[in-house]
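**Student:** Quick one: this structure, given as C-alpha cells, is what I'll be asking you about.
The values are calculated or read from the model by the stated rules, or taken from the named source; none is laboratory data. The structure displayed is predicted, hence computed values, not measured ones. Cβ sites come from the backbone with ideal geometry, for glycine too, and all protein chains shown count toward neighbours.
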Amino acid sequence: MSGRRHNPTFDDHRHSVTAVFGIHQDSHPHALHAPVLVLNASYEPINICAARRAIVLVLKGVAMAEEENGHFLHAARLAFRVPSVIRLLEYRRIPHQTRALSRKNILLRDRNTCQYCGEVLSASDLTLDHVVPRSRGGASTWENLVAACHTCNRRKGNQMPLEAGMKLMREPHAFNLHTSRHIMRLMGRSDDKWRKYLFY
Ligand SMILES: [Zn+2]
C-alpha cells in the first residue's frame, strides 16, 4: 500500500477513507463485509473484522495486509486490494477478553446448539436455560446459562440436570480468547489463506 502514497488523490482522501468507501458501497455490496482475520504483531490470531474496517486499519498505518482475497475495492480513482488477513504493526496486549453477558453471546459461545440434546437451531428456536434453576438460587452468569431448545428447556423445568436425567454437552465457561479462537478456526477451516495462521 506504501506505493500508493505518491498518489495525490490518496493523500487528499486519507482522512476521509470511510466516507470514500461509503459512496462506493453500493457497487460492491459484499466486498466491504468480507471477513478478515486480524493477527497481532506476533502473528497470533486475535480477531475477525469486516474488510471495510481492515482496509481502514491498513490505510491508517495500524496494520498491514498479510494476505489478499483477490478482490479489488474501487474508491475514488483508486483500487484497493481487499485483504484476507491483516497484521497489527504494534503488539497489543489482549486482556482476558470479557464479552458482555448477553443472549446473543451465549448463543454464539454455544454455537446455536442446544447444550442438552445437541440440536443446532436458529436463534429464534433457542432459549437460555439456567443450569441451576433460578428458583434454586441459580445466577444469570456465563457459567450457569446455556443455549437450550424449547423441548429440553421444558423437560428440565425447575430441576437440576441430574434430577431431570439430562447431561450438559460441556461445562459452560465465560467467552474468552480460547472461545474466540475456536470460532476463528471454524470460520477459517475452508480458507487456505487463514488456515496457516489458525492451525499450527
Ligand atoms: Zn434440546
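**Student:** Please find, among L168, L162, the residue that is in a loop (DSSP other than H, G, I, E, B) and more than 15 Å from the ligand (Cβ to nearest atom). Before the answer, list the steps.
**Tutor:** Values: L168 fails: more than 15 Å from the ligand (Cβ to nearest atom).
Checking each option against the conditions leaves just L162.
**Student:** Being assigned to a loop (DSSP other than H, G, I, E, B), among the charged types (D, E, K, R) and within 20 Å of the chain's Cα centre (by Cα), is that true of even one residue in the range 70-87?
**Tutor:** At the first step, the residues of the range 70-87 found to be assigned to a loop (DSSP other than H, G, I, E, B) are 76-77.
After this cut, where a residue has to be among the charged types (D, E, K, R) as well, the list is 77.
Within this subset, residues satisfying the condition of being within 20 Å of the chain's Cα centre (by Cα) are none.
No, the range 70-87 has no match at all.
**Student:** I would also like to ask the following. Being near the ligand (Cβ under 10 Å from one of its atoms) and part of a helix (DSSP H, G or I) is the filter here, so list the residues in the range 131-157 that pass it.
**Tutor:** Matches in the range 131-157: H150, T151, C152, N153, R154, R155, K156.
**Student:** Pick from the range 40-99 the residues that are among the small types (G, A, S) and over 22 Å from K193 (Cβ atoms): which of them is surrounded by the most Cβ atoms within 10 Å (Cβ to Cβ)? Spell out the reasoning first.
**Tutor:** Taking the range 40-99 and keeping what is among the small types (G, A, S), we get 41-42, 50-51, 54, 61, 63, 65, 70, 75-76, 79, 84.
Now restrict to residues that are over 22 Å from K193 (Cβ atoms): 61, 75-76.
Numbers: G61: 11, A75: 21, A76: 16.
For the range 40-99, the residue satisfying everything is A75.
**Student:** Given the options L107, L128, name the one that is among the aliphatic types (A, V, I, L, M), outside any strand (DSSP E or B), without any contact (Cβ under 8 Å) to a residue 60 or more places away in the chain and not assigned by TED's automatic domain parsing to the domain that holds I183.
**Tutor:** Values: L128 fails: outside any strand (DSSP E or B).
Matching residue, one of L107, L128: L107.
**Student:** Okay, moving on. Hey, can you tell me all the residues within the range 137-180 that are more than 22 Å from the chain's Cα centre (by Cα) and among the hydroxyl-bearing types (S, T, Y)?
**Tutor:** Answer for the range 137-180, where residues must be more than 22 Å from the chain's Cα centre (by Cα) and among the hydroxyl-bearing types (S, T, Y): S140, T151.
**Student:** Here's something else I'd like to know. Filter the range 165-200 for residues that are surrounded by fewer than 14 Cβ atoms within 10 Å (Cβ to Cβ) and hydroxyl-bearing (S, T, Y) and give the result.
**Tutor:** Residues satisfying the conditions are S190, Y200.
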